[in-house]
Amino acid sequence: MQLEWLKPLTDLEGPFACATLDVSNLDPTSRTHRLASWASTRKELERCGADQETLSILEDAVSGAADGVGERTRVVCAGRGRLLLDVGLEGRPRRQASSFGPVPKVMDVVRGLDGKETYAVVRLDREGADIEVIDPTGALVTATDVTGDHDELRKVGAGGASQRRFQARAEDSWKHNATQVAAELDRLVREVRPGVVFLEGEEHMTSYLTDHAPGPLGDLITRLDTGGRAAGTSESAEAVAKDRELARRRAERDARLVERFGDATGAGSAVEGWEAVTAAVAKAQVAHVLLGPDVWNREHPEPGSVEGAGQDHDQDTLLWSLATVGAELSLVAQPFDVKDGIAAILRWSDAATSR
């Protein structure tokens, strides 16, 4: 994960007040629960020394309208009279947490976004398609309804030459409409640059679109056998299929990263263990840090802690340092056998690297 979103904060002086909140929007009582949750968090931050101006800024941010429907997490951070970070994430947080100190605790953002990517969903039928683009936070980027202008859509049993003529006209209409969908989808792909395009719906249409999609678009398409545009399509089945494919893509990414680390180790341009990695970060030597699941999946410290404890605090400090030097961070989901569950691929090596 690139950390450009955090880099502007590294030029600022703390303290920083941060909170990870459950802001799920499930029913009419959800707003009441969100406000009660914030009230409890505010007391914790007050206890830790957060000033009233900073608390008011955070309260204004979290007390407005919900940022989505369903189970949601909100990570906010403020300091020096400014709202510095406000990120909504899919799913509930493992636990709500707050902190007030010299380093903002925003590893929850990395946990929520790492391995996620922008994707498009195309629900296709013979008349056209509904297209949605979803960003890594689970938020809707854009929704487009493409309806083709050819309406000879149904094959009919007219018999003889007439039947063949009607069938040909119907197939021409499907192909024309699929072409219009492909053109709009190609435009969106070039504009939004999703990592994957999920395609589902009527068999003839999906086959034609897949076979005739322009190169960059065709390379992104993954077909789902979960319905499409018709009423009654299973949303849960679609969600499971999408999650399965995204998990597969993340596993492939992790495998490539682990292989890259192995190659870098053989070349003498990698280190492992907290001490070696943090020393390399201090010298701006690190290009990419990999955290194993036993580290990044560890529970948070108690809510309201000023400094945090153990490895969790190390993660936030590490994240801050990586953003400062422009390095990447990836949370490897598969077992990763390195010292202390942390490794780094280096930009360059020196005599200290080989010791």
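FYI, it's all coordinate maths here, none of it is from the lab. Note that the structure is a prediction, hence the values are computed from the model and not measured. Note: ideal-geometry Cβ built from the backbone for every residue, glycine included; neighbour counts use all protein chains shown.
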### Message
I want the local charge near residue 213. Using Cβ-Cβ distances under 10 Å, sum +1 for each Lys or Arg and -1 for each Asp or Glu among the other residues.
### Response
-3
### Query
How far, in nm, would the chain grow between residue 10 and residue 297 when pulled straight, counting 0.36 nm per residue and subtracting the alpha carbon separation?
100.9 nm
## Note on the structure
If unit charges are put on Cβ atoms (+1 for Lys and Arg, -1 for Asp and Glu) and the dipole of the stretch 1-126 is taken about its Cα centre, the option from 113, 99, 77 lying farthest towards the positive end turns out to be 113
### Using θ = phi - 60° and Karplus 6.51 cos²θ - 1.76 cosθ + 1.60, couplings along the stretch 115-132 (whole Hz; Gly, Pro as x)
x, 8, 8, 5, 9, 10, 10, 10, 9, 10, 9, 6, 8, x, 7, 9, 10, 10
#### Entry: By average C-beta atoms within 10 angstrom, highest first, the peptides 191-201, 93-103
93-103, 191-201
### Task
Taking every pair of alpha-carbon atoms in the stretch 250-300, give the share separated by more than 18 Å as a whole percent.
38
### Message
Can you compute 3J(HN,Hα) from phi for each residue in the stretch 70-82, using the Karplus curve 6.51 cos²θ - 1.76 cosθ + 1.60 with θ = phi - 60°, rounded to whole Hz and x for Gly and Pro?
### Response
x, 7, 9, 10, 10, 10, 10, 8, 9, x, 6, x, 9
### Task
Quickly work out the residue 32-to-residue 252 label distance, labels modelled 7 Å from Cα along the C-beta direction, and quote it in nm with one decimal.
4.8
### Query
Non-local amide H neighbours of residue 226 (under 5 Å, H modeled in plane, Pro and chain starts lacking H): which ones?
201
### Query
Expressed as a whole number of Å, what is the distance separating the alpha-carbon centroids of the stretch 317-331 and the stretch 176-196?
35
#### Entry: Rough spin-label spacing in nm, given labels placed 7 Å along Cα→Cβ, for residue 46 and residue 267
5.6
### Summary
The summed charge of the residue 80 Cβ neighbourhood (under 14 Å; Lys/Arg +1, Asp/Glu -1) stands at -3
### Task
Could you calculate the FRET efficiency of residue 186 with residue 337 from 1/(1 + (r/R0)^6), where r is the beta carbon distance between them and R0 is 30 Å, rounded to 0.05?
0.10
### Query
Which order results if 274, 38, 320 are arranged by neighbouring Cβ count within 10 Å, fewest first?
274, 320, 38
### Summary
Sorted by chain and number, the residues with a modelled amide H under 5 Å from that of residue 221, at a separation of 5 or more or across chains, are 197
### Task
Averaging sequence separations of C-alpha pairs under 8 Å and six or more residues apart, then dividing by the length of the stretch 7-113, give the relative contact order as a whole percent.
41
## Note on the structure
If each K or R counts +1 and each D or E counts -1, the residues other than residue 262 whose Cβ falls under 12 Å of its Cβ total -2
